[in-house]
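J.: Quick one: structure below, then a few questions.
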């Protein structure tokens, strides 16, 4: 119990004294996950919009497919990306394994199904009159799409936050494709896993607190962006 | 009267059932046409096809004397033939931003937009609502914003889908007043309605969509009686 208290006290010291190793890990985590989500979101929104807006063969299978892919474990995504970028893999020549780029790709692939499924639900629930009103008032398709995004922004922000929450806290994919290299590919979840196995709880607790704070912030943001939280008349 | 738009051999099916097969539908400038028919006859679908929002199965389109495919005609209709839903959709922003929407899409300078929006607000009698969020307005106020938002684009054709259904008498009178003003400004108007008698005083022509065909009825109050004259 005493050692746990001491570790907690030490974790606060690390956080507030500006410990370089700790803050590099936090920065790496945010840098990789923000890039991944920014890469995945536009693609997910376009795919989700097309699935909700167009009628084509295989559409329902595609919707079910993205929905099912949400439950693929992070470690399986990591394994797939690892095999693709490994020396003997199809993209091995790019030498991306154990780099932040491969982590961004892995996390983007991990977030994509959730982003598509949740944003598709938002697009599907959108009032068809939004698109028609935009078009009849002279908007070109891209502009009408942006108007539609604005009108259903709360649902899309919720998708964004859920997707970011999924990747910022995942271990399996980052560990496999990043390699947990200190100062380069070590992020919050992989550092927590490593420090815990070493019995070095102070850094693990400090990083855990950062993740907890982040979770609270994301939920706060979601509540804020949901606006008044009432149905429109 | 100059012919603006002509649809020939216009066919539309829904789920394998023929909705209508119209030989000729011509829209002339400065006219107000009532389009009546039973529920499910295809009035809204016809208006949406004219607006370029829904594709017909087949059609030959002539716009301003030029023969076009429906797809090309649809592109030309954007902002020129404006469709107003039965319950117009207003974007989740201020009344001013709603009215300015179409002008912004045209890339008009902001100063010019501001002048035009002020004028449109005054025209519709909604100057006092300009900073309100459009979602907070009553049904009648929404209708006035939608009319102002359409009028500001100076459309050649306005397609109104049951514009006065489920409205109180005051809002209905305001809608009629605005339709009359738009007609006087030279806009061609087609109004889908199942209550022709309420609009008879505004309309120059009355078309009945029935059994998949379009038939011309004599305009005026007597037009609500089913005297069928083939339309061309």
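Just so it is clear, none of the values below were taken in a lab; they were calculated from the coordinates. Since the model is a prediction, treat every value here as computed from it, not as a measurement. Methodologically, a virtual Cβ is constructed for each residue, glycine included, from the backbone with ideal geometry; neighbour enumeration extends over all protein chains shown.
J.: At a Förster radius of 30 Å, what calculated FRET efficiency corresponds to the Cβ-Cβ distance of residue A:9 and residue A:31, to the nearest 0.05?
T.: 0.55
J.: Now for a separate question. Counting only other chains, what is the mean number of Cβ atoms within 10 angstrom of the Cβ of each residue in peptide A:83-91?
T.: 0
J.: Put a dot 7 Å past each Cα toward the Cβ at residue B:180 and residue B:168; how far apart are the dots in nm?
T.: Distance between the two pseudo-spin positions: 2.1 nm.
J.: Right, here's the next one. With a point put 7 Å past each Cα toward its Cβ, work out how far residue B:111 is from residue B:132 in nm, to one decimal.
T.: It works out to 3.2 nm between the two label points.
J.: How many partner chain Cβ atoms sit within 10 Å of a residue's Cβ in peptide A:57-64, on average, as a whole number?
T.: Partner-chain Cβ atoms within 10 Å, mean over residues of A:57-64: 0.
J.: Mind grabbing the base-10 log of I(q)/I(0) for the protein assembly as shown at q = 0.07 Å⁻¹? Debye formula, identical points on the C-alpha positions, no solvent, two decimal places.
T.: Once normalised to I(0) and log-transformed, intensities are -0.52.
J.: Next question, about the same structure. Report, to the nearest 10°, how far helix A:74-85 tilts away from the longest principal axis of the Cα atoms in chain A, using its own Cα long axis and a range of 0 to 90°.
T.: Long axis of A:74-85 versus the principal axis of chain A: about 90 degrees.
J.: For A:125-134, what's the mean count of beta carbons from other chains sitting within 10 Å of each residue's beta carbon?
T.: Mean inter-chain Cβ contacts per residue within 10 Å come to 5.
J.: Now a separate question. Once every DSSP H run of n ≥ 4 in chain A is given -39500 (n - 2.57) and the sum is divided by its residues, what mean residue ellipticity at 222 nm do you get, rounded to the nearest 500 deg cm²/dmol?
T.: Taken over chain A, the calculation gives -25000 deg cm²/dmol.
J.: Further question: What is the angle, in °, between the Cα long axis of helix A:20-53 and the longest principal axis of the Cα atoms in chain A? Nearest 10 is fine, range 0 to 90.
T.: 20 degrees
J.: Between 0 and 90 degrees, rounded to the nearest ten: what's the tilt of helix B:95-105 against the longest Cα principal axis of chain B?
T.: Value to nearest ten degrees: 60.
J.: Compare the peptides A:149-158, A:50-59 by average per-residue count of other Cβ atoms within 10 angstrom and give them in order, highest first.
T.: Result, highest mean first: A:149-158, A:50-59.
J.: Still on this structure, please answer the following. What's the ranking of A:8-21, B:119-132 by average number of surrounding C-beta atoms within 10 Å, highest first?
T.: B:119-132, A:8-21
J.: Using a Gaussian network model of chain A whose springs link C-alpha atoms within less than 10 Å, name the residue from A:193, A:204, A:117 with the highest mean-square fluctuation.
T.: Its mean-square fluctuation being the largest, the pick is A:193.
J.: As a test, work out the antiparallel percent of DSSP beta bridges whose residues both lie in segment B:3-230, rounded to the nearest 5.
T.: For segment B:3-230, the DSSP antiparallel bridge percentage is about 60.
J.: Now for a separate question. Compare the peptides A:127-137, A:170-180 by average per-residue count of other Cβ atoms within 10 angstrom and give them in order, highest first.
T.: In descending order of packing, they fall as A:170-180, A:127-137.
J.: Counting other beta carbons within 10 Å of each Cβ, put B:89, B:83, B:7 in order, fewest first.
T.: B:89, B:7, B:83
J.: While we're on this one: What would the Debye equation give as log₁₀ I(q)/I(0) for segment A:99-233 at q = 0.09, 0.12, 0.13 Å⁻¹, counting only Cα atoms as equal point scatterers?
T.: Results for segment A:99-233 at q = 0.09, 0.12, 0.13 Å⁻¹ read -0.40, -0.63, -0.71.
J.: Based only on other Cβ atoms within 10 Å, what is the fewest-to-most ordering of B:70, A:23?
T.: The most exposed by this proxy come first: A:23, B:70.
J.: With N set to the number of residues, divide the alpha-carbon radius of gyration of segment A:14-157 by 2.2 N^0.38 Å and report two decimals.
T.: Here the answer is 1.31, to two decimals.
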